[in-house]
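Notes follow once the structure below has been shown.
The values are calculated or read from the model by the stated rules, or taken from the named source; none is laboratory data. All values derive from a computational prediction rather than experimental measurement. Using ideal geometry, Cβ is built from the backbone for each residue, glycine included, and neighbour counts are taken over all protein chains shown. With ligands, DNA and RNA removed, areas are computed over all heavy atoms of the protein, side chains included. Shrake-Rupley method; radii C 1.70, N 1.55, O 1.52, S 1.80 Å.
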Amino acid sequence: MTTPAHLFSSDNTAGASPEIVEAVSRAATGQAKPYGADDLSADVRRRLCEIFERDVDVLLVSTGSAANALSLAALTPPWGSVLCHRDSHINNDECGAPEFYTAGAKLVPLGGEDAKIDPDALRAAVRHKAGDVHSVEPSVVSLTQATETGAVYTLDEIETLGSVTEEAGLRLHMDGARFAGAVAALGRTPAELTWRAGVDLLSFGATKNGTMTADAIVVFDRSLTPELSFRAKRAGQLAAKMRFHAAQLDAYLTDGLWLRNAAHANAMAARLQDGLKALPGIGLLGVADANVVFCRLPQQVTEGLLADGYVFYHDRWEPGVARFVTSFATTEADVDGLLEAVGRHTG
């Protein structure tokens, strides 16, 4: 059986923060109104209004894929297109859910270093065949924060892409599966990194950072809330006992737990990145601003780590490329053990 110290394939391998487990246990006693009418759901909305420094609406969902697909469906007509990075999660890892929930809108992948959309590519894409009835209509831009390679969009980068999006009359969605990691890395406010830069809807990820089964859609353009509410119900995302989702997110947002967890995961990735730099024959790819580290490993190192029981993605993107992901539960000893194993197999 693989030990926790050997799991670096995803931050989804981690369990849940003790505070969140305790909150769910407390929510299991007594009774509460169903379908999000409970007090805990109201508390979550209040906390997110405070965090984002404005009134927002909140829809609690069970997965990040649901948050992304429902958000895009509310922003995109069936004849529209979603402009995203070619390495984005919605383009590669959601089994066509965005296309399904939008009733056929097309994802148009764009390039850019570190899985960030290149501004010039976006400027061209927002105008490409716009208004041409024979083509899909550019409708929404989706940014992933932090990106699939562990990089983060800076505030200037978000504002630039937001301006391009607004000038073209498109909407802006942010896939924030690792949003907490980006906030912790940048030291900017959640408001600055979202609605103040033009974001209409945020998929607010929490499962990768300490909750069990709870993510959220944070709605900055509240005119979208009625449609999103119907879409969530139709998609089976309006949980009868919503208080259990709410209990997780309420604890997650209390006393800065969400940012502490993210800062720890980021620090463990930085420790891993620094250690790999010192080893011969290991080539780092990009910069791990958040909790994802990509590198090139010699074949004997990959084989040796697998024989040792380490679990990580390798050769998925191209031969010799490996990805290691840390989490709020990763310890310094876990990282140091991995570095020792890499060094040993490097020989």
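Filter segment 179-206 down to residues that are touching a Ser or Thr at 6+ places or on another chain (Cβ under 9 Å) and either on the phi > 0 side of the Ramachandran plot or acidic (Asp, Glu) (or both) and give me whichever is surrounded by the most Cβ atoms within 10 Å (Cβ to Cβ).
Selected residue: ASP200.
Of (1) open to solvent by 50 Å² or more (accessible area, probe 1.4 Å); (2) in contact with an Asp or Glu (Cβ under 9 Å, 6 or more places away or on another chain), ALA74 satisfies all except one. Which?
Status for ALA74: all satisfied but (1).
Going by the conditions given, is ASN68 assigned to a helix (DSSP H, G or I), surrounded by 13 or more Cβ atoms within 10 Å (Cβ to Cβ), under 23 Å from the mean Cα position of the chain (by Cα) and polar (S, T, N, Q)?
yes
Identify all residues within segment 77-90 that are outside any helix (DSSP H, G or I), in contact with a helix residue (DSSP H, G or I) (Cβ under 9 Å, 6 or more places away or on another chain) and either free of Cβ contacts under 8 Å to residues at least 12 places away in the same chain or open to solvent by 10 Å² or more (accessible area, probe 1.4 Å) (or both); write none if there are none.
ARG86, ASP87
Of everything in segment 207-235, what is open to solvent by 20 Å² or more (accessible area, probe 1.4 Å), of a type in the set (Val, Ile, Thr) and more than 12 Å from LEU249 (Cα to Cα)? Give them in sequence order.
If the condition is that a residue be open to solvent by 20 Å² or more (accessible area, probe 1.4 Å), of a type in the set (Val, Ile, Thr) and more than 12 Å from LEU249 (Cα to Cα), then THR225 is the only one that fits.
Go through the residues of segment 255-266 one by one and say whether even a single one is over 20 Å from the mean Cα position of the chain (by Cα), farther than 25 Å from PHE8 by Cα and modelled with pLDDT of 95 or more.
Within segment 255-266 (the criterion being over 20 Å from the mean Cα position of the chain (by Cα), farther than 25 Å from PHE8 by Cα and modelled with pLDDT of 95 or more), the answer is yes, since at least one residue qualifies.
In segment 244-347, which helices (runs of 4 or more DSSP H) lie fully inside it and hold 2 or more residues that are under 21 Å from GLY205 (Cβ atoms), open to solvent by less than 30 Å² (accessible area, probe 1.4 Å) and in contact with a strand residue (DSSP E or B) (Cβ under 9 Å, 6 or more places away or on another chain)?
Where helices (runs of 4 or more DSSP H) fall fully within segment 244-347 and carry at least 2 residues being under 21 Å from GLY205 (Cβ atoms), open to solvent by less than 30 Å² (accessible area, probe 1.4 Å) and in contact with a strand residue (DSSP E or B) (Cβ under 9 Å, 6 or more places away or on another chain), they are 257-277.
Residues of segment 179-227 being of a type in the set (Val, Ile, Thr), more than 14 Å from TRP258 (Cβ to Cβ) and assigned to a loop (DSSP other than H, G, I, E, B), which ones?
Scanning segment 179-227 gives THR194, VAL199, THR213.
Looking at VAL152, VAL183, VAL133, VAL141, which one is within 24 Å of PRO77 (Cβ to Cβ), aliphatic (A, V, I, L, M) and within 21 Å of the chain's Cα centre (by Cα)?
VAL141
Could you pull out the residue among ALA23, ALA37 that is modelled with pLDDT of 95 or more and open to solvent by less than 20 Å² (accessible area, probe 1.4 Å)?
Sole residue among the options that is modelled with pLDDT of 95 or more and open to solvent by less than 20 Å² (accessible area, probe 1.4 Å): ALA23.
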